[in-house]
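Quick notes on the structure that follows.
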Protein chains: 2
Amino acid sequence: MSDAQKGPVFTEIVLEVFKLGGLLVSEGDRMGAEYGITSARWKILGALSLAGEPQTVPQIARSMGLTRQAVQRLVDAMQEDDLLLFQDNPGHKRARLISLSDLGKTVYSKLYEKQSGWAKTCSAGITQAELETTLSVLERISGAIDR
Amino acid sequence: MSDAQKGPVFTEIVLEVFKLGGLLVSEGDRMGAEYGITSARWKILGALSLAGEPQTVPQIARSMGLTRQAVQRLVDAMQEDDLLLFQDNPGHKRARLISLSDLGKTVYSKLYEKQSGWAKTCSAGITQAELETTLSVLERISGAIDR
DNA sequence: CCAAGGTTGTCAACATGTTGTCAAACTGCC
DNA sequence: GGCAGTTTGACAACATGTTGACAACCTTGG
């Protein structure tokens with residue numbers, strides 16, 4: 001098949017990613033409001049939970065595709081709010097290790113449950129195969145840009 | 001098939017949308033730098049070009065899924081930079097009509113060409129059908145949230 | 001006509017992302 | 001050991017998005 005038609009579809013995907021990103025941030029803020037948490041903070045909790053062990057700020061940043069400065073600001077504020085714990089890093093005097101506090105763990109698990117129901121509603125009428133294709137395509141596009 | 005597996009894939013898509021959104025903004029900024037334009041401004045140019053006729057600020061905002069205040073700030077700055085023209089709206093004394101200036105049209109068409117080549121590179125190895133599935137899924141998710 | 005309610009522009013405060021710069025800490029190589 | 005290059009934290013400036021509030025404008029129904 002000719003590639004002539006791919007450009008326009010690709011452009012539409014780009015625009016839809018922007019729009020959906022905005023909607024997802026709003027939705028995350030709405031769901032997190034009950035626990036005094038925003039989408040950005042939720043993502044930090046998720047990154048730490050996924051990692052399974054304490055991480056440095058640059059590690060979190062790399063795993064999320066953000067700059068370390070953006071993550072540092074969030075992490076500092078979240079520690080102030082008792083969502084995170086700082087521990088000295090035996091391997092590096094400056095780069096402290098960040099982990100979830102008990103409060104952070106509690107909030108994240110409640111958000112996880114809330115999000116699960118929401119994800120189910122959102123993905124109603126979309127097949128598993130379609131979701132997997134979508135994820136694969138988005139990852140390949142990210143990969144092509146990152147290179 | 002059970003829906004048990006859909007939640008995790010859905011969550012990964014959400015995270016990938018965030019990540020890709022950031023990459024796309026960076027890439028747009030990089031491509032637009034040559035013409036002194038950012039991703040956000042590019043999107044305004046695109047919305048006006050797509051509409052085909054002068055639009056008000058709230059119309060642009062609705063078409064892009066942004067708030068009118070965010071669009072207003074961009075539009076004001078872009079008019080200052082001679083990318084846009086303001087015209088009085090015969091139907092509404094406050095809501096001026098915004099259109100592309102000659103400079104705006106020129107910049108947009110050059111960006112369009114530049115973006116076309118980039119889109120082709122990015123979508124190498126992805127089939128037309130996969131792209132269309134992806135667009136459809138993203139639109140359905142947006143629709144489910146917007147509701 | 002006019003009062004009520006929605007839309008628009010404007011201003012302000014804030015959240016979250018970027019880039020750039022600097023010094024301190026680490027790493028690797030000679 | 002020590003020097004060069006990289007990584008990290010801190011700070012600042014800026015871009016882009018949000019919400020909230022207010023007054024001006026428009027529309028509609030009685």
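The values are calculated or read from the model by the stated rules, or taken from the named source; none is laboratory data. Predicted model only: the values in this text are computed from it and were never measured. Please note: Cβ atoms are built from the backbone with ideal geometry, for glycine as well, and neighbour counts cover all protein chains shown. Areas reflect the complete protein model, heavy atoms only, side chains present, ligands, DNA and RNA absent. Shrake-Rupley method; radii C 1.70, N 1.55, O 1.52, S 1.80 Å.
Is it true that some residue in the range B:103-125 is open to solvent by 20 Å² or more (accessible area, probe 1.4 Å), of a type in the set (Ser, Thr, Tyr) and farther than 21 Å from B:Asp29 by Cα?
no
Looking at the range B:63-78, which of its residues are at pLDDT 95 or above and not aliphatic (A, V, I, L, M)?
B:Thr67, B:Arg68, B:Gln69, B:Gln72, B:Arg73, B:Asp76
Identify, please: which residue in the range B:3-52 is at the interface with chain A (Cβ under 9 Å from one of its Cβ atoms) and hydroxyl-bearing (Ser, Thr, Tyr) and is, among those, nearest to DNA strand C (Cβ to nearest atom)?
Among those residues, the one meeting the criterion is B:Ser26.
Restricting attention to the range B:1-42, which residues are β-branched (Val, Ile, Thr) and more than 16 Å from DNA strand D (Cβ to nearest atom)?
In the first step, residues of the range B:1-42 are kept if they are β-branched (Val, Ile, Thr); the result is B:9, B:11, B:13-14, B:17, B:25, B:37-38.
Once the filter is applied, which keeps residues that are β-branched (Val, Ile, Thr) and more than 16 Å from DNA strand D (Cβ to nearest atom), the range B:1-42 yields B:Val9, B:Thr11, B:Ile13, B:Val14.
Note down all Cβ pairs under 8 Å where the first residue falls in the range B:118-131 and is aromatic (Phe, Trp, Tyr), the second is open to solvent by 20 Å² or more (accessible area, probe 1.4 Å) and in a helix (DSSP H, G or I), and they're at least six residues apart or on different chains.
Between residues of the range B:118-131 that are aromatic (Phe, Trp, Tyr) and residues that are open to solvent by 20 Å² or more (accessible area, probe 1.4 Å) and in a helix (DSSP H, G or I), the close pairs are B:Trp118/B:Glu27.
Select from the range A:76-91 the residues that are under 17 Å from A:Thr106 (Cα atoms) and aliphatic (A, V, I, L, M) and list them in ascending order.
Let us first name the residues in the range A:76-91 that are under 17 Å from A:Thr106 (Cα atoms), namely A:78-85.
Of everything in the range A:76-91, those that are under 17 Å from A:Thr106 (Cα atoms) and aliphatic (A, V, I, L, M) turn out to be A:Met78, A:Leu83, A:Leu84, A:Leu85.
Scan the range B:61-111 residue by residue and report those that are within 14 Å of chain A (Cβ to nearest Cβ), of a type in the set (A, V, I, L, M, F, W, C) and more than 9 Å from DNA strand C (Cβ to nearest atom).
B:Met64, B:Leu66, B:Leu74, B:Leu111
Would you pick out the residues in the range B:47-68 that are within 11 Å of the chain's Cα centre (by Cα) and within 12 Å of DNA strand D (Cβ to nearest atom)?
Correct list: B:Ala47, B:Ile60, B:Ala61, B:Met64, B:Gly65, B:Leu66.
Please find, within the range A:76-102, the residue that is farthest from DNA strand D (Cβ to nearest atom) out of those that are assigned to a strand (DSSP E or B) and open to solvent by less than 30 Å² (accessible area, probe 1.4 Å). Steps first, please.
Keep residues of the range A:76-102 that are assigned to a strand (DSSP E or B), which gives A:84-89, A:92-100.
Then drop every residue that is not open to solvent by less than 30 Å² (accessible area, probe 1.4 Å), which leaves A:84, A:95, A:98-100.
Working: A:Leu84: 13, A:Ala95: 3, A:Ile98: 8, A:Ser99: 13, A:Leu100: 17 Å.
Here the residue is A:Leu100.
Looking for something within 12 Å of another protein chain (Cβ to nearest Cβ), within 23 Å of B:Gly32 (Cβ to Cβ) and of a type outside the set (Phe, Trp, Tyr) - is there at least one such residue anywhere in the range B:123-136?
Filtering the range B:123-136 down to residues within 12 Å of another protein chain (Cβ to nearest Cβ) leaves B:123-136.
Pick out the ones that are also within 23 Å of B:Gly32 (Cβ to Cβ) and you get B:123-124.
From the residues that got through so far, the ones that are of a type outside the set (Phe, Trp, Tyr) too are B:123-124.
There is at least one residue in the range B:123-136 that is within 12 Å of another protein chain (Cβ to nearest Cβ), within 23 Å of B:Gly32 (Cβ to Cβ) and of a type outside the set (Phe, Trp, Tyr).
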